[in-house]
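**Student:** First, the structure itself, so that you have it in front of you.
Readers should treat all values here as calculations from the given coordinates under stated rules, not as data from a laboratory. From a predicted model like this one, the values you see are computed outputs, not experimental measurements. Cβ coordinates were reconstructed from backbone atoms using ideal geometry, including for glycine residues, and neighbour counts include every protein chain displayed.
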Amino acid sequence: MLLIAILLPFLAVFLLPFLVPVLQRKVGWAVALVPLFLFAYFAGFIPQVAGGEPVIVNYQWVPQMGIDFSIYLDGLALLFALLITGLGFFVVSYAVGYLGEKENLGNFYSFILLFMGSMLGVVTTGNLLVLYIFWELTSVTSFLLIGFWFHREISRYGALKSMLITVFGGLAMLAGFIFLYLITGSFNIRDIIAQGSDVVAHSYYLPALILILLGAFTKSAQFPFHIWLPNAMEAPTPVSAYLHSATMVKAGLYLLARLTPALGGTPEWFYLVSGVGLLTLCYGSFMAVRQTDLKAFLAFSTISQLGLITALFGFSTKLAVAAAAFHIFNHATFKGALFMVVGIVDHETGTRDIRSLGGLREYMPITAIVAGVTAFSMAGIPLLSGFVSKEMFFTASLALPMAGVAQWLFPAMAVLGSIFTFMYSMMLVFNVFGGKSKDPSIRPHHQGDNWSMLWPPVILASVNIIIGLFPGLVEKILVLPAASGTWGAPVVEHLALWHGFNTPLLMSAIVILVGFLFFRGQQAVVSFVEGVQNHRFNLNVLYDKSLVWLNDVATWLTVKQMTGFLRDYLVFIFLWFALSVGGTLILKGGLNLTTLDLSPVGPYEIALALIIVGGALGVVFLPTKLAAILSLSGVGAVVVLFWVNLRAPDLALTQLIVETVSTILFLLAFAHLPELKKEVVAKSQKLVNMIIAGASGLLITLLMVSGNATGLFDPIIADYYLRESLPLGGGHNVVNVVLVDFRGIDTMGEITVISIAALAVYSLVKLRLGKRGNAE
Amino acid sequence: MQIQLADFALMMPEIATAILAIGLLIVGLVVPREQAKGISFLTVAGLVGIWLLNFLYWHENASLFGGIYIVDPYTVFFRFLFLTAAIIVALAAKDYVNTLERNQGEFYALLVAATLGMMILAGAGDLVTLYIGLELMTITFVILVGYQKKEAKSSEAGVKYVILGAMSSAVLLYGLSLVFGFTGTTIIADMVPRLTLSGASPLLLLGIVFLVAGFGFKVSAVPFHMWSPDIYEGAPTPVTAFLAVASKAAGLAAFVRVFLIALPELQPYWITIVVVLTAITVVVGNLIAIPQSNIKRMLAFSSVAQAGYILFGLVAFSSLGVGALLFHSILYVFANIGAFAVAIVVKNSTGSDEIKDYSGLAQTSPFLAAVMLLCLLSLAGIPPVAGFVSKFYLFMAVIEKGMVWLAFVGIMMSMVSVYYYLIVAKAMYLGTPNREAKPISVSASTQIALVICLVAVIFFGVYPTPLLDLAMNVGYSFFPF
């Protein structure tokens, strides 16, 4: 049943082709039923799970690979499942108003449903490999949704960028999972957690940790992998709200939370995770200030908020984990609403440029209030839910488990990042909705709020107020079970609006005060940020350059190597031989050069050898075909002389016949071929070719000599034939006896083959002649 | 050596294949040209018959004729692989062959003869038999590659294949003779005891270097890969599909048997060179595939890279490695032939192999685009299609042996491969079709071939258990370490 619930979005996709033509634009309402139903279904598990009893279901899938389709629904998984389905409902409902009739609605809702199913798979599975499969599916669906308006070049660019970066991270994560498997012998998350102490002590711990963190950081857009998220904003706004703020980017956080009991608690974990998190928090909020596009604004804001949560998981204390769970919930509500508001602004005015917007509160008052509530919540202003979780963040940053420089640096970074967060939140509200319109030509198409799109953010904003006032509402049912699921043991913390006068409150006061000052002097701050971070060198340039570089290297390799000329191919092949054969010969001591078993070399042999060398050079350097062929046959003729000199007249005779025939064939065939082409080859390349050719020749010579010198089997086979050819074969000519007696059957076979070949040739010739006769 | 009649019974599939090849040749001569279409039916029926016959030999583990030929699960597995490939190719080739004016019967006869060569290569228990199988396969392919003799590209491919094929055979033969010289036997199974006596002499190691090179040519590993793109591009596409898949698998079968059964004692020596070969094959193959604009050349380089992945199984030197290698090889058959089959259809219809001409294929012929997409995803190893499982196993096999860096190279390069496979997907799905583009009609036999590939790629991705079990068992019985 639970399995069917998780797969329900996938099943629903199959119904879409039938529903879209009937319902048209209204099809979104039908689609929204899926997450609504699932939300209610998952909410039904709250009592059991909050009671500390996770739901576990097992299905066999690929037992050899250790893949079982097990479902593990504890507090952590449940929190995510509720967020995915709850926000899914709001986003789909919102999209009904957002998307026009002409958009490809079937594609849009199919992709959204596929994404929803994959995301549910990621958070509910109990098996790392299944998690990986769903993880990649979320990347693929994200790719499709970012590229939804695929006719726009910039959408395609953003889609590819997010896909490449997240798939890269996913593969790294897979490698990390394999390490975990090597340590624990299991892909089952609970088995791995049970062996947590072994994992941490293992020598593979660090590589596994780094690889898995790569997966989490790329997915959750942590510095320096955050660069894909701003480009992903090319997606339709509902998609940005859902995937790139509320859910998919939180998959990385989910992974961190899920593996905290197995990997967390070590200094490596602490410094890597919280260091990267805090850096991202500061960098993201710092960069957000200078954005001009509202969605880019929110993208950097999301990056920085994700950094905050990552840092909390890095702290890995009970309080921090509870704060993280709470902030995940809060962020999903206020950021989801903010995206929807921006979508409304874009939809109504046709622009998202912060420089030309202003005074919108007059046209859409409720929208302005929603924006104010949610942005204030994000800024951490008291009475709103964001304030409560930010207080917890400050408290956690003051109670770090590690001593040292982090004790004061990390709280300082937390405050710094929050100051900028406060500043851009104010800018978002007051620059867009407050003040006066900066560009009179830009105004909403009609007066009043667009309720068809506004009601989802209104509900989300009211959640911010209610939870801010009464955080106890979600404490027992969502936050603490999720924190316990992360921690691996029950976590008891109290969520409250008022903690008394203490250091965290002081930190909040500093944030609000300095943030307010910064907001007043925003021109100066923005120009300072722009001065620090310019366009010439940043990480995007690095990404673009590396793609270009990859292409260049590939092209260079291709041009160098795949020339289409056999000659060039042979250069590479011979080079390999020269290196591998030569290397083996020298490194393994294979050179066995002795002259003992060689025939004496006299002046006659030397002279013949010189002629052969000359002939071979002639083949290469002579200008015409004819001369080259003759030179080659000259080489053959000298070989004949060698046989004569070695007193082997029969061999010499055979060789002579072969040489003659082949020369004649050569001449006949070459007459039909074009003249030798003169090709201009660079001198350097000629030199390289010569060296490789020379090395190959030298190697073969050395090999021959060494091989001849290595007599392994005693007595050698030649002695046997010399001894036995007269008594067994009755002949003095050993070669003849070998051919007709010792290997008589072989010889007969050869003769048969040649006879058949001759017959075939004869019939071909006859056929050809016959045809000619007919033609005449 | 004793020749027993019973031994021939175990070679029935080979004998039947030989009879089929000769029979097709004769039928091709006798049957009038306008009825030549029936030959393809005959070929497929014959191959399916042999495929079924092969089931009888699952549990055999016999050494025939004093070790010259071996019928074990490994041989039987590869028989299935080659026959499957031959069946799908024969189905997909029908449209192409129908366009030929003459020699239709010979085409199929040669296809079957090449299959026979591969089967002998996989089952060979001694070096000479192995060489005969290799030559039967290679020479047959030379004719098939140059089949369109009036087309310059095809002829060029044929000539290149002759020269490089001859060279690779020579290299291999040189290596085989050195190994023979040191062990004094050509029977693969008898070599281990002799090698323990003679030890790792330098010249023997040289023999191994030559063997690596010779087999490297056959599986088109870098730097012996240059022949494959030129020849894949020039050859008729059905031949290319068969060459890329079955011929590679056959070379691999012999490679693995010689190195794991004859030379396991020398593993510390040959592992270095094989690892280097594997790593550069994966890297270079994937990199060069990126700038290709012709789909056949792109697939050629991707198959170079695939050879590298498959060699991971040999590098792992374990039963897990062999099992993963077998599993990946058979999935590679479906994915690659599927992709090539789409290329055949598109080429027959549009006359082009350029990737840009695949633009908007998803709108004009959604079925073809879907087959292509899923096959490419399988080659890239993206879940949930089949390639993911087998690639995962190959990586596991090398990681288990502590070669984490190699797995990393593999994973990094898989990422690169996603990039160039996506280029085709992008053209098919995000591109706009040519204005005159019409839905491409696909003949029934090609449709069967496409459906087989599609179903296999999806089914074994979602439920790999039975095939995986099988491959792992064969791997274990072949190399139980």
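**Student:** I need the peptides B:339-351, A:323-335 ranked by packing, meaning the mean over residues of other C-beta atoms within 10 angstrom, with the highest value on top. Walk me through the numbers before you get to the answer.
**Tutor:** Working: B:339-351: 23.2, A:323-335: 27.3.
Going by the mean number of other Cβ atoms within 10 Å, highest first, we get A:323-335, B:339-351.
**Student:** Still on this model: What shape does the stretch A:563-712 have by the C-alpha gyration tensor, where a ≥ b ≥ c are the square roots of the eigenvalues, rounded means a/c under 1.5, and otherwise prolate means a/b greater than b/c and oblate the rest?
**Tutor:** Since a/c reaches 1.5 but b/c is at least a/b, the shape of the stretch A:563-712 is classed as oblate.
**Student:** Sticking with this one: Select from A:V239, A:P21, A:V525 the residue farthest towards the positive end of the dipole of chain A; place +1 on Cβ of Lys and Arg, -1 on Cβ of Asp and Glu, and compute about the Cα centre.
**Tutor:** A:V525
**Student:** Which entries of B:K248/B:K296; A:K26/B:K438; A:K161/B:K438; B:K149/B:K438; A:K26/A:K219 have Cα-Cα distances beyond 25 Å here?
**Tutor:** In this structure, A:K26/B:K438; A:K161/B:K438; B:K149/B:K438; A:K26/A:K219 exceed 25 Å between Cα atoms.
**Student:** Further question: Ranked highest first by average number of other Cβ atoms within 10 Å, how do A:278-291, A:513-526 line up?
**Tutor:** The packing order, highest mean first, is A:278-291, A:513-526.
**Student:** Below 21 Å, Cα to Cα, which lysines can A:K390 reach? Residues fewer than 8 away in the same chain don't count.
**Tutor:** Filter leaves A:K250, A:K318, A:K335, A:K476.
**Student:** With 10 angstrom as the radius, rank A:S580, B:S177 by how many other C-beta atoms surround their C-beta, starting from the fewest.
**Tutor:** Ascending Cβ contact count within 10 Å gives the list B:S177, A:S580.
**Student:** Sticking with this structure for a sec: Would you list which aspartates and glutamates come within 20 Å of B:K391, measuring only between C-alpha atoms, while excluding same-chain residues fewer than 8 positions from it?
**Tutor:** Leaving aside aspartates and glutamates fewer than 8 places away in the same chain, those within reach of B:K391 are A:D68, A:E136, B:E400, B:D469.
**Student:** Find, to one decimal place in angstroms, the Kirkwood hydrodynamic radius of the stretch A:268-520, where the mean of 1/r is taken over every pair of different Cα atoms and then inverted.
**Tutor:** Computed over the stretch A:268-520, the radius equals 18.4 Å.
**Student:** In peptide A:553-559, how many Cβ atoms from other protein chains are near each Cβ within 10 Å, on average? Please report the intermediate quantities before stating the final value.
**Tutor:** Numbers: counts 4, 12, 4, 2, 6, 10, 2.
Mean inter-chain Cβ contacts per residue within 10 Å come to 6.
**Student:** Okay, moving on. Using DSSP to call loops (not H, G, I, E or B), can you name the trypsin sites (Lys or Arg not before Pro) in the stretch A:150-234 whose Cβ has at most 14 other Cβ atoms within 10 angstrom?
**Tutor:** Passing both the DSSP loop test and the Cβ count: A:R152.
**Student:** Counting helices only, and only those DSSP H runs with n ≥ 4, report the 222 nm mean residue ellipticity of chain B as the sum of -39,500 (n - 2.57) divided by its residues, in deg cm²/dmol to the nearest 500.
**Tutor:** Rounded to the nearest 500, the figure is -25000 deg cm²/dmol.
**Student:** What ranking do A:H499, A:H202 get, fewest neighbouring Cβ atoms within 10 angstrom at the top?
**Tutor:** The fewest-first ordering by Cβ neighbours comes to A:H499, A:H202.
**Student:** Which values, in whole Å and largest first, are the semi-axes of the equivalent ellipsoid of the stretch B:265-481 obtained as the square root of 5 times each eigenvalue of the Cα gyration tensor?
**Tutor:** Equivalent-ellipsoid dimensions as semi-axes: 33, 19, 13 Å.
**Student:** Output needed for chain B: three equivalent-ellipsoid semi-axes, defined as square roots of 5 times the C-alpha gyration tensor eigenvalues, in descending order, whole Å.
**Tutor:** 34, 27, 20
**Student:** Would you mind counting up the charge near A:D353? Only other residues with Cβ under 15 Å from its Cβ, with Lys and Arg at +1 and Asp and Glu at -1.
**Tutor:** Charge balance in the 15 Å sphere: +2.
**Student:** Enter the angle in degrees (range 0 to 90, nearest 10) between the Cα long axis of helix A:451-469 and the first principal axis of the Cα atoms of chain A, meaning the one along which they spread out most.
**Tutor:** 70
**Student:** Can you give the helix-only mean residue ellipticity at 222 nm for chain A, where every DSSP H stretch with n ≥ 4 adds -39500 (n - 2.57) and the sum goes over all residues, rounded to the nearest 500 deg cm²/dmol?
**Tutor:** That comes out to -23500 deg cm²/dmol.
**Student:** Give the shape of the stretch B:252-305 as rounded, prolate or oblate, defined through the alpha-carbon gyration tensor: a ≥ b ≥ c are the square roots of its eigenvalues, a/c under 1.5 means rounded, and otherwise the shape is prolate if a/b is larger than b/c and oblate if not.
**Tutor:** Oblate shape, in that a/c is at least 1.5 and b/c is the bigger or equal ratio.
**Student:** In whole angstrom, note down how far apart the Cα centers of the stretch B:415-481 and the stretch B:322-380 are.
**Tutor:** First find each Cα centre; the distance between them is then 7 Å.
**Student:** For the protein assembly as shown, what is the Kirkwood hydrodynamic radius in Å, using each pair of distinct C-alpha atoms?
**Tutor:** Computed over the protein assembly as shown, the radius equals 34.4 Å.
**Student:** Name the GluC sites (Glu not before Pro) in the stretch B:134-208 that are in a loop by DSSP and that have at most 15 other C-beta atoms within 10 Å, would you?
**Tutor:** Taking the stretch B:134-208 and a limit of 15 other Cβ atoms within 10 Å, the loop GluC sites (Glu not before Pro) found are B:E151.
**Student:** A further question on this structure: Round to the nearest 10 and give me the degree value, 0 to 90, for the angle of helix A:2-13's Cα axis relative to the longest principal axis of chain A.
**Tutor:** Here the helix axis deviates by roughly 80 degrees.
**Student:** Can you tell me how the stretch A:1-90 classifies by the Cα gyration tensor, rounded, prolate or oblate, using a/c under 1.5 as the rounded cut?
**Tutor:** On the way: a/c = 3.37, a/b = 1.48, b/c = 2.28.
Oblate.
**Student:** Averaging the inverse of every distinct alpha carbon separation and then flipping it gives the Kirkwood radius. What is it for the stretch A:382-487, in angstrom units?
**Tutor:** 17.5
**Student:** Mind pulling the angle between the C-alpha long axis of helix A:566-587 and the longest principal axis of chain A? Nearest 10 degrees, somewhere in 0 to 90.
**Tutor:** 90
**Student:** Got a sec? How would A:S110, B:S303 order by Cβ neighbour count within 10 Å, fewest to most?
**Tutor:** Details: A:S110 21, B:S303 29.
Final ranking by Cβ density, sparse to dense: A:S110, B:S303.
**Student:** Please compute, for peptide B:215-224, the average count of beta-carbon atoms on other protein chains lying within 10 Å of each residue's beta-carbon. Intermediate results must be reported in sequence, preceding the final value.
**Tutor:** Details: counts 0, 2, 1, 0, 0, 0, 0, 3, 10, 4.
Per residue, the average neighbour count from other chains is 2.
**Student:** If you place +1 on the Cβ of every Lys and Arg, -1 on the Cβ of every Asp and Glu, and leave all else neutral, what size is the dipole of the stretch B:19-152 about its Cα centre, to the nearest 20 Debye?
**Tutor:** Its charge dipole is roughly 360 debye.
**Student:** Shifting gears a bit: Given +1 on the Cβ of Lys and Arg, -1 on the Cβ of Asp and Glu, and no further charges, what dipole in debye does the stretch A:106-234 carry about its Cα centre, rounded to the nearest 20?
**Tutor:** 200
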